[in-house]
Structure formats: structure tokens, C-alpha cells
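Undergrad: The structure under discussion is supplied below as C-alpha cells; questions concerning it will follow.
The values are calculated or read from the model by the stated rules, or taken from the named source; none is laboratory data. Everything numeric in this text was worked out from a predicted model, so none of it was measured. Counting neighbours? That spans all protein chains shown, and the Cβs are built from the backbone with ideal geometry, glycine included.
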Amino acid sequence: MCTINEPPSIFRQVLYFFQPFLNSSQNITWVTPLFLQFLFSHHGFDLVPPFSASPSTHNSDGKRFLPLPPPDARTLKWPNLVVFSFEDLKYATRNFKSDTLIGEGGFGRVYKGWLDENTLTPTKPGSGIVVAIKRLSKKSSQGFQEWQSEISLLGRVSHPNLVKLLGYCWDEDEFLLVYEFMPNTHLWNHLFLIDPDKEPLSWSNRLKIAIGAARGLAFLHSSENQVIHRDFKSINILLDANYNAKLSDFGLARLGPSEGNTHVSTRIMGTYGYAAPEYIATGNLYVKSDVYGFGVVLLEILTGMRALDPERPSGQQILVEWTKPCLSSKKKLKTIMDGRIEGQYSLEAAFEAAQLTLKCLQSDPHLRPSMEEVLEELEAIQLVHNPQLSPSPFS
Ligand SMILES: Nc1ncnc2c1ncn2[C@@H]1O[C@H](COP(=O)(O)OP(=O)(O)OP(=O)(O)O)[C@@H](O)[C@H]1O
Ligand SMILES: [Mg+2]
């Protein structure tokens, strides 16, 4: 088995507006110089936020400006969302005190806050319900568009397998998002942060998470106008206390192709190791580009190894390239399965999951299954190989 180590910081670079900056999470968005050259020669900047109808958010100096609509308009547009004041969120997080800090990603820091359960007004820390509050970093120029996309999408759709956005704050140059709190962090942590005091993520929980995530993606893909997540990866699969998966981070999401078109043409964004080959090569984004990302996550689930790990020997760093040939034979599959869960699954179940992974990783997007089909196959694997979950014939 490979040893699992933290990636060096170069692999944590995030490519937002092609201004890589380091973040403290394990997010890996990586671009080779050749790839960058390709981007600049073939794709201009696309400043139109994915879901927003508002004009460019940058003035002629390239500085961010704030096209503030009247507060009423904002409230009416997303009636399900609470509009918080910055003072509210300062109170809810004890002035963003360091001990309320949960983590930090490309968007900025994420804090724990407390709100009254019924009124969603800020309460004394430690009482009411816990929420996660993301505060846009002043250093992040892309973040404003991400902020808009999150609100535009999660303000109009909701699903048990998408993280719930409770509200937002727009106050001078402060932009924040308030989500339900997910106590069990994300799939990435459970697969790759090895804590000797903790049991490794079990086979049945891995399957449960894959099914939840597949349901979330299937919902996005089948929603009106189809939504493509564009940054599907294990770090963006949040988990509740019972390992129910909820997709997060819709900042890069795009509406699917309009009628008669197979794809949308976009700037190339996302995360190296998960992004589909046709998208990296051409900027053509298909709904099925997400299915490829799902296949990569399935591979991480089966093997317990990261999509991209510069610490692995050369030839093994990109998980898909290295392990794909092992997926079509049971004998080879055994050599790459996560040894920490040996004995918890039947080889038949693992092989079926490997076949599904292979289908998701097809180079031609048209040959990949839809997320509905992926979901059906995963549920079939779960039922056949966990008979206790099958509906009783007497019920
Ligand atoms: N709703 C939430 N509930 C609990 N923790 C959360 C929630 N949203 C985010 N977090 C945690 O906050 C940290 C930062 O998350 P964030 O989504 O900003 O960045 P990331 O996922 O680490 O990287 P990326 O920039 O690629 O999204 C992560 O540890 C994540 O698990
Ligand atoms: Mg995230």
C-alpha cells in the first residue's frame, strides 16, 4: 500500500482567474505551464457569473465594485434566504474569534456560529443551532462570483443531498454565506486523514456516501436547465453525523447546455485530478464532465488513495492513470483496494463498483452513464451485498 502524506503546498494552488494562491485546505487545482499557455491562447476570461444576470462585477481598473441592489429586491429574489447583517454574524461568531474557526478554503475562512433555532437571529455562542459561516477573503477576487453563484443556485433549489444555505450577508465589502453545519467534515478527511485512534471509514459508509453524493448530482443534472457542478471532488462532499452526504461549493457551477447543444464552452476551472479530459483539453463542459469527477471519487473510495498525490512514485501520482488498468480484472482489483477495509465487502461488490467506475471514467463523455444510472447501479450494489437493507418481502 502507498503511504498517505499531505500534498506539498504547490499542489494546493487554486486557479481562480489564473491567479494561483495558497490555501490552507487540501484543495488542489493545478495547471501545467503548457496547459496555461493553451488557456490563454484559446479561452478568454469569462466574467459572467454562472447564475447571475447582473453585469460585470469589475470596473475598468479591474477592481471589484459592488452593484448593490436595494435590499428589498435582494430579499424578494431569494425569499427562502435570510439576509444577515455583518453585525449579526460578528455576534454569532464572537467577532470571528479564532476558536470558532473551522477551516479555510479558496473562498476564505469558515467559522462556527450560533443562531436561534426559530428566528435564525444570532444567539449567544453555545446556544441555539450551530451554523457554518463562510467569509469571503479580501484577497480573493474570484470569491465574489462564487458568492453570487452559491446564492443564485442554493437560493432556488434545495435537496437533502445538497448543503443547505440559510442566508447570506452583503455589507459594504463583506460577503458571507451561512450554511447548515455539517458535523462530520468531508469525505476527503475520512479517506485520507489517517487517525490511528479512529476506525477507517467502513465499506458500508463509503457506499452510503457514494449513493448520497450520486443522488445530489443526479438532482442537479435533472433540475430545470440542468446544473453542472464543475468542481465535484471528495473535499466538497460534506457529511452529517450519520454519514449522509451533502454536496457543497457551487461557486463554479454552470447551467447546462441550451436546447440542441451538447456542451457549454467555458473557461477551464476545477481541480486537477478530477476534471474530465475533454474539459481540460477543450473547455467544452458536458453534464457528463461531472460524471467523470464522480468516477474519480469512486476510485478514491475503493482504493483509499488520493486522486492526485505527488508523494507517490512517478507513474502513480495521478490515480486514474495508474489504477484504471486494474479495474477490469478481479485479481488486479484486489491489489489496489483499500487494505483498511478488507473483509468488509464481497469481491463481487467491489468488482461491480469498479466496473461502474470504469464506465464513469470513459474518455468519451457520451459513453459515460447518466448520474441517474450511476445511482441505480450503486443502490443495486448496496442492496445485493447488504441484504439487511433490502425491503422485507412481508412489509
Ligand atoms: N457547512 C459546513 N459545515 C461544516 N464545515 C464546513 C461547512 N462548509 C465548509 N466547512 C469546512 O470548512 C473548511 C473550508 O471549506 P471550504 O469549502 O471553504 O474549502 P475547501 O472545501 O477546503 O476547499 P475549496 O476551496 O476547494 O472549497 C473545510 O474543512 C470544510 O469541511
Ligand atoms: Mg469546499
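Results for (1) within 11 Å of ligand 1 (Cβ to nearest atom); (2) within 21 Å of the chain's Cα centre (by Cα); (3) surrounded by 16 or more Cβ atoms within 10 Å (Cβ to Cβ), shown as yes or no for each residue.
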position	(1), (2), (3)
104	yes, yes, yes
108	yes, yes, yes
112	yes, yes, yes
120	no, no, yes
127	no, no, no
134	yes, yes, yes
138	no, no, no
143	yes, yes, yes
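Undergrad: Could you pull out the residue among 189, 161, 205, 184 that is among the polar types (S, T, N, Q) and touching an Asp or Glu at 6+ places or on another chain (Cβ under 7 Å)?
TA: Answer to the check: 184.
Undergrad: If you don't mind, there's one more thing I want to ask. May I ask you to verify whether residue 156 is over 16 Å from residue 236 (Cβ atoms) and within 16 Å of ligand 2 (Cβ to nearest atom)?
TA: Criteria not met by residue 156.
Undergrad: Answer yes or no: is there a residue in the range 275-292 that is in a helix (DSSP H, G or I), under 24 Å from residue 373 (Cα atoms) and aromatic (Phe, Trp, Tyr).
TA: Checked the range 275-292: at least one residue is in a helix (DSSP H, G or I), under 24 Å from residue 373 (Cα atoms) and aromatic (Phe, Trp, Tyr).
Undergrad: What strands (runs of 3 or more DSSP E), lying completely within the range 167-247, carry at least 3 residues that are at pLDDT 95 or above, near ligand 1 (Cβ under 10 Å from one of its atoms) and under 25 Å from residue 129 (Cα atoms)?
TA: 174-180, 237-239
Undergrad: Something else about it: Scan 352, 379 and give me the residue that is touching a residue at least 60 places away in the same chain (Cβ under 8 Å), in a helix (DSSP H, G or I) and assigned by TED's automatic domain parsing to the domain that holds residue 294.
TA: After applying the criteria, what remains is 379.
Undergrad: Inside the range 111-136, can you point out the residues that are out of contact with any Phe, Trp or Tyr (no Cβ under 8 Å at 6 or more places or on another chain) and either within 16 Å of ligand 2 (Cβ to nearest atom) or free of Cβ contacts under 8 Å to residues at least 24 places away in the same chain (or both)?
TA: 114, 116, 117, 118, 119, listed by residue number.
Undergrad: Looking only at residues in the range 106-129 that are assigned to a loop (DSSP other than H, G, I, E, B) and among the β-branched types (Val, Ile, Thr), which one is farthest from residue 89 (Cα to Cα)?
TA: 119
Undergrad: Related question: Taking the residues in the range 248-271 that are within 16 Å of ligand 2 (Cβ to nearest atom) and not charged (D, E, K, R) as candidates, determine which candidate is modelled with the highest pLDDT.
TA: For the range 248-271, the residue satisfying everything is 248.
Undergrad: Considering only residues that are part of a loop (DSSP other than H, G, I, E, B) and among the aliphatic types (A, V, I, L, M), look in the range 144-166 and name the one that is nearest to residue 227 (Cα to Cα).
TA: Among those that are part of a loop (DSSP other than H, G, I, E, B) and among the aliphatic types (A, V, I, L, M), it is 157.
Undergrad: Now, a different point. Given the criterion assigned by TED's automatic domain parsing to the domain that holds residue 110, under 21 Å from residue 234 (Cα atoms) and crowded, with 21+ Cβ neighbours inside 10 Å, identify the matching residue among 162, 176, 191.
TA: None of the other options fit; the residue is 162.
Undergrad: Only one of (1) surrounded by fewer than 19 Cβ atoms within 10 Å (Cβ to Cβ); (2) within 16 Å of ligand 1 (Cβ to nearest atom) is not met by residue 258, so which one is it?
TA: The one condition residue 258 does not meet is (2).
Undergrad: Separate question: Pairs under 6 Å by beta carbon, first residue assigned by TED's automatic domain parsing to the domain that holds residue 274 in the range 297-309, partner in a helix (DSSP H, G or I) and of a type in the set (Ser, Thr, Tyr), six or more apart or different chains?
TA: Between residues of the range 297-309 that are assigned by TED's automatic domain parsing to the domain that holds residue 274 and residues that are in a helix (DSSP H, G or I) and of a type in the set (Ser, Thr, Tyr), the close pairs are 297/234; 298/357; 299/357; 300/234.
Residue by residue, here is whether (1) closer than 25 Å to residue 282 by Cα; (2) in a helix (DSSP H, G or I) holds:
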site	(1), (2)
299	yes, yes
302	no, yes
321	yes, yes
343	no, no
372	no, yes
